[in-house]
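Take a look at the structure set out below.
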Amino acid sequence: MAPPLIQLKDIALTFGGTPLLSGVELSVSAGERVCLIGRNGSGKSTLLKIVAGLVQPDRGSRFVQPGATIRYLPQEPDFEGFSTTLSYVEAGLHAGDEHYQAAYLLEQLGLHGDEDPSHLSGGEARRAALARMLAPNPDILLLDEPTNHLDLTTIEWLEADLAARRCALVIISHDRRFLTNLSRATAWLDRGQIRQIDRGFADFEQWRDDVLAEEERDQHKLDRKIVAEEHWLRYGVSGRRKRNVKRLGNLFELREQRRDYRGTAGSANLNAAEAEKSGKLIIEAKGIGRVYEDRKIVDDFSIRVQRGDRIGIVGPNGAGKTTLINMLTGAAPPDSGTIRFGVNIEMATLDQGRESLDPKSTLAEALTGGRGDSVMVNGKPKHVVSYMKDFLFAQEQMRTPLEVLSGGERGRVMLARSLAKPSNLLVLDEPTNDLDLETLDVLEEMLGDYEGTVILVSHDRDFLDRVVTSVIAPEGAGRWVEYAGGYSDMLKQRGADLTRAAVKAVETAKADSAKEAAARGEKPAAGAAKRKLNFKEKHALDTLPKTIAKLHAEIAKQHRFLDDPNLYAKDRKKFDTASAALSAAQKELQIAEDQWLELELLREEIESA
């Protein structure tokens with residue numbers, strides 16, 4: 001087995017009260033892909049900071065292989081002292097690093113490099129931080145919630161980029177699909193200790209359930225043994241005094257073992273306060289549109305939303321998701337078209353940016369609105385402490401200022417406020433941000449039991465697949481299309497990933513078609529003759545899928561060959577040959593996929609014209 005690049009031994013850390021970390025052991029070798037899993041507040045981010053050398057533990061040792069380079073992605077990057085995003089990224093480079101990578105990665109992530117860091121949105125700040133982390137091509141990448149605030153386009157780009165790198169990864173994320181696609185080992189931080197398996201996240205949940213079930217059986221056996229020993233102590237016939245004293249000592253040890261046992265944290269109890277049932281029709285939009293500075297954000301979009309529908313809205317940042325959802329919910333009128341709302345609609349919204357939270361207010365004030373000590377749930381008062389416990393907050397946090405809560409805890413505060421309001425229409429903007437996997441499970445169950453209608457914006461592919469019944473996606477030039485099913489179903493129907501290139505391709509095809517018509521002196525008209533695919537384009541459409549499949553197989557083959565951690569030491573020539581073959585195949589695949597995507601979108605545009 002390859003020596004570890006970084007290793008933690010017997011790490012302990014306490015922030016008053018119960019130890020946060022107790023005897024933690026963790027090692028990461030070259031090329032390993034580890035996902036770090038745990039409940040919100042379990043200490044994942046703190047442990048990652050210890051790995052990065054940013055936090056000193058109370059006890060234990062940290063070893064880093066001499067010469068190994070580490071890059072850490074924090075949840076909240078610090079841009080202080082930098083005038084542009086390019087200068088921020090370049091400051092993370094060291095002597096010998098390729099400086100062109102800074103500008104290249106910013107471009108790949110949709111930034112120009114001249115943005116003022118003090119005016120970046122959450123998504124832009126995360127992309128700039130990713131560029132700074134990836135540019136040096138380090139030996140170990142430590143990623144704390146890398147997909148937060150990113151759109152689906154960027155998440156899929158990041159996933160592909162990380163998969164192609166040979167560095168070691170340690171990832172904290174709530175995005176199941178992201179973890180499943182990237183991880184090959186799992187470290188579960190539970191009650192201050194680490195359990196590890198050499199399998200990726202796809203096997204984690206079943207393994208976790210098996211571990212907890214076995215633990216529960218052991219505790220049940222311990223309880224029965226204590227009861228039996230106590231029965232003997234009270235009613236047993238006295239024997240030799242020495243043996244009885246020893247047995248009494250064993251009973252005390254069993255009781256101490258039971259007393260020291262830290263049970264698992266409970267599950268969140270998410271229940272939406274439901275208003276009276278709405279009418280069957282919720283929203284009917286006909287030909288609605290919105291134009292901003294001569295750019296069509298939404299063009300001639302129609303939809304009929306009925307009671308019980310669960311609709312997801314997806315798309316790259318800037319595609320117009322917020323504009324569309326504001327028109328559908330009546331927050332902003334359309335420039336054209338009509339919207340009709342059903343009767344008896346009570347709407348509750350979840351604010352993604354959490355701007356409505358006053359950081360100086362306490363947790364209790366945020367939930368009660370600063371009025372008394374009760375929260376109105378389903379028309380009935382419920383004590384704030386009881387309601388806090390439903391969302392996994394301890395009574396001691398009642399007077400805690402919101403500014404000291406973690407991102408996941410603030411996310412639960414927003415959910416608690418939104419779900420307390422009686423509703424039959426839930427509008428959720430990025431509800432999964434910062435939530436741990438267990439709370440996500442409960443949220444999914446709650447939405448499944450909710451009798452009203454749900455409209456949500458999300459970049460979590462797995463969450464969309466589990467929750468929604470249809471997906472609205474942008475096709476370019478202001479055109480939005482509703483697809484039946486979840487996110488994966490939408491991709492199958494579209495025949496292409498939801499990338500910026502895909503959204504722009506339709507606009508390019510339309511512009512090219514208009515230019516050709518203008519050059520011929522033609523005016524676009526309803527009865528105008530359609531452009532047809534030429535022989536070369538048809539042939540490419542038929543043959544490219546086979547080429548792409550072959551390239552995927554070649555890339556997988558080279559990955560399997562390079563997965564051998566000892567290959568470099570055993571045969572440097574084979575390692576270099578395989579690396580070059582992998583790089584060439586990846587470039588060819590990118591070209592082939594882009595070409596196929598452009599032709600497929602052109603074909604769809606011609607057929608729908």
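Structure data summary
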| read-out | value |
| --- | --- |
| Positions within the stretch 167-194 being modelled with pLDDT of 90 or more and among the charged types (D, E, K, R), in sequence order | Asp175, Arg176, Arg177, Arg184 |
| Unmet requirement for Arg132, which otherwise passes all of (1) surrounded by fewer than 21 Cβ atoms within 10 Å (Cβ to Cβ); (2) part of a helix (DSSP H, G or I) | (1) |
| From Leu405, Leu428, Leu447, Leu456, residue being modelled with pLDDT of 80 or more and surrounded by fewer than 23 Cβ atoms within 10 Å (Cβ to Cβ) | Leu447 |
| Wholly within the stretch 358-469, helices (runs of 4 or more DSSP H) carrying at least 2 residues that are within 27 Å of Gly123 (Cα to Cα) | 363-368, 407-420, 437-449, 461-467 |
| Scope the stretch 271-312; condition farther than 18 Å from Phe341 by Cβ, aliphatic (A, V, I, L, M) and part of a strand (DSSP E or B); matching residues | Val291, Ile297 |
| From the options Glu159, Glu145, Glu107, residue that is outside the structural domain of Ala580 (by TED's automatic domain parsing), crowded, with 20+ Cβ neighbours inside 10 Å and acidic (Asp, Glu) | Glu145 |
| Qualifying residue in the stretch 387-394 (condition: touching a Gly at 6+ places or on another chain (Cβ under 8 Å), closer than 21 Å to Asp151 by Cα and either assigned by TED's automatic domain parsing to the domain that holds Asp465 or of a type in the set (Gly, Ala, Ser) (or both)) | no |
| Count of the stretch 82-114 residues which are at pLDDT 90 or above, under 24 Å from Leu152 (Cα atoms) and small (Gly, Ala, Ser) | 3 |
| Failed item, numbered, when Arg39 is tested on (1) under 21 Å from Ala185 (Cα atoms); (2) at pLDDT 90 or above; (3) among the charged types (D, E, K, R) | (2) |
| Options Ser22, Ser27; residue that is at pLDDT below 95, part of a strand (DSSP E or B) and within 22 Å of Met133 (Cα to Cα) | Ser27 |
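Yes or no, residue by residue, for (1) assigned to a helix (DSSP H, G or I); (2) in contact with a Leu (Cβ under 6 Å, 6 or more places away or on another chain):
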| position | (1), (2) |
| --- | --- |
| Phe79 | no, no |
| Gly92 | no, no |
| Gly113 | no, yes |
| Ser118 | yes, no |
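The values are calculated or read from the model by the stated rules, or taken from the named source; none is laboratory data. The structure displayed is predicted, hence computed values, not measured ones. Here Cβ is always computed from backbone atoms with ideal geometry, including for glycine, and neighbour counts include all displayed protein chains.
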